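Visitor: Once you've had a glance at the structure underneath, I'll fire off some questions.
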Amino acid sequence: MWEPLPLCLLSSLLATGSALLCEVCESKEESCFCPLQLFAPLEGTCLIGVAGFSVGANSFSYMAKSCLAPKSCEPSPFTVTYQHNITVRVNITCCDTDGCNAGVIPVPAVSLVPSG
């Protein structure tokens, strides 16, 4: 008897056009690909973020994809350079159509302008 309930709820979200499909994953690389997940209307923005970290001669990458409330997403590329040759480069993109965060965005180039 309860089996049709989740299907009815999902159908009602899809019928209103307010649900959103986003990739959700994270990786220690500059890319990740995963199945789309359905999100509620209040979480109406897909997010893709990529970061590059440099500490001396060593470098690391990280990518995350998710869905969140539109007012919580602040897209922008930026670079922060700290003392002792530590650099953090971040690129964040937000979008609001099904599957829009399925691609890859680049890590920003290292800025030569000192921060702070």
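The values are calculated or read from the model by the stated rules, or taken from the named source; none is laboratory data. Quick caveat: nothing in here was measured; it's all calculated off a predicted structure. No Cβ is skipped: glycine too gets one built from the backbone with ideal geometry, and neighbour counts run over all protein chains shown.
Visitor: Only residues in segment 40-54 that are within 11 Å of ILE92 (Cβ to Cβ) count as the first member; pair them with residues that are of a type in the set (Asp, Glu) and surrounded by 15 or more Cβ atoms within 10 Å (Cβ to Cβ), Cβ under 6 angstrom, at least 6 apart or cross-chain, and list the lot.
Guide: VAL50/GLU30
Visitor: Suppose the filter is in a strand (DSSP E or B), of a type outside the set (Phe, Trp, Tyr) and exposed (fewer than 13 other Cβ atoms within 10 Å of the Cβ); does SER59 pass it?
Guide: In short, yes.
Visitor: Within segment 6-31, can you find the residues that are at pLDDT 85 or above and under 21 Å from CYS94 (Cβ atoms)?
Guide: Listed by number, the residues that qualify are ALA19, LEU20, LEU21, CYS22, GLU23, VAL24, CYS25, GLU26, SER27.
Visitor: Might you let me know whether segment 71-82 holds any residue that is buried (at least 16 other Cβ atoms within 10 Å of the Cβ) and out of contact with any Pro (no Cβ under 7 Å at 6 or more places or on another chain)?
Guide: Step one: filter segment 71-82 for residues buried (at least 16 other Cβ atoms within 10 Å of the Cβ), giving 73, 77, 79, 81.
Right, trim to out of contact with any Pro (no Cβ under 7 Å at 6 or more places or on another chain) and you get 73.
Taking every residue of segment 71-82 in turn, at least one turns out to be buried (at least 16 other Cβ atoms within 10 Å of the Cβ) and out of contact with any Pro (no Cβ under 7 Å at 6 or more places or on another chain).
Visitor: Check ARG89 against each of (1) in contact with a Pro (Cβ under 7 Å, 6 or more places away or on another chain); (2) under 28 Å from ALA19 (Cα atoms) and name the one condition it does not meet.
Guide: Unmet condition: (2).
Visitor: Given the options CYS25, CYS67, CYS73, name the one that is closer than 25 Å to THR97 by Cβ, touching a Lys or Arg at 6+ places or on another chain (Cβ under 8 Å) and touching a residue at least 12 places away in the same chain (Cβ under 8 Å).
Guide: The unique qualifying residue is CYS25.
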